[in-house]
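Here's the structure we're looking at; comments come further down.
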Amino acid sequence: MARDSKPTTRRSVLKRGGLALGVGTGLAGCSGNGGGGDSGDSGDGGDSGDGGDSDGGATTTSGSGAEEFEITFATTQPPENVSVQAAQEHFIDVIEEETDGRITVNLEAATLGGTEDNLGALEAGTVDILHESPTALSQRFASEYSFAGDPFVIEDMEHYRAVTEEFLEPEDGLNGILLDNGIRLGDAFYVGNRCYTSNTTVTSPEDVQGMKLRLPQYETWTTVWDEIGADVTPVAYDELYSALQTGVVDASEGPISQFLAVSLYEVQSHFNVTNHLLDTKHFLYNEEFYQGLSDDDLELITSTAADAVEGMTEDIKSREEDLYDQAREEGTTVVTAEEVDRQAFVEAGQPALEELSESSWAVDIGDVQDLA
């Protein structure tokens, strides 16, 4: 699969032989959108801050021959977010324990601004590892790979892993475009499923005809839901609650965590588990950081990340069931996935998916669906 665009490489790559690692530089005095809101919307704001010392403060552990260094690890989510807590347990703590503190991890959780700020910091090398979604990556680097985060394309994590292996990880896929920008694609973990909120039961496309649906302003998302029959209405995320309360829109979509965090149960009676969009995030590595690691440290970090995504996925899915129970306690009618005819939605949106694959995507929708 050939890619059309080859952006200029922004950073030279460190050779491994004897060079100090430029890690742990951090970003000082940053602020902005912590990304705790709409997980489908890209955040912005926040200053890029001071890049820190260029040498990263790497030193050699006495008698061991191995360098001490700090990894700057960033996420737009706040520390209390379940994905951040899971990353702390399954990745950060493991790295620090396995190296007896030789490698330390500076966690920047919702401190460096929004999505664009964090991706910019990863490109620049002031962040070494970042968690971000395929939607954010396609928005910034490669719109032809938006299918990885578009509605009714990916069925579940097993399907997403197959799509990643086939279309995202290869160097003639999304990963190659990222590498041209100094970023390497790593393993992905489950964040949640985006579902449909309303004041009526929604189990099939017939139930959403003409319903005013608020969506994040992603053209591909709008195209699919328009095809299905919803009346897509743009509303800023911070106006979502009031828009639902006043009837500007009839419905919204998003994960159960968002539904509870914004108290949408006060203005929407039903949470319909359409599972129309699988939310995932990847470990992303600054390529200079990645290439500068010793063989042993590279193996430790990447293998720990590979194990971590399994544990993080399990933790987040388990937490999701608790959130459904919390919604029920607030009086919400949870229409379960078993009650929703998801395949009918896929079929209703298929003409739009096929048009997108012909006009916009790097791959054919049939090839993606065949991997399910």
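Values in this text are rule-based calculations from the coordinates and carry no lab data. From a predicted model like this one, the values you see are computed outputs, not experimental measurements. As a convention, Cβ positions derive from the backbone with ideal geometry for all residues, glycine included, and neighbour counts pool all protein chains shown.
A few notes on this one:
- Residues whose amide H falls under 5 Å from that of residue 154, counting only those 5 or more places apart or on a different chain, are 278, with hydrogens built in the peptide plane.
- Euclidean distance of C-alpha centroids, the range 303-339 and the range 100-143, integer Å: 24 Å
- Footprinting exposure proxy for 112, 240 (fewest neighbouring C-beta atoms within 10 Å first): 240, 112
- Cα gyration tensor category, rounded, prolate or oblate, for the range 162-205 with a/c compared to 1.5: prolate
- Nonlocal amide H pairs with residue 67, under 5 Å, H built at 1.01 Å: 61
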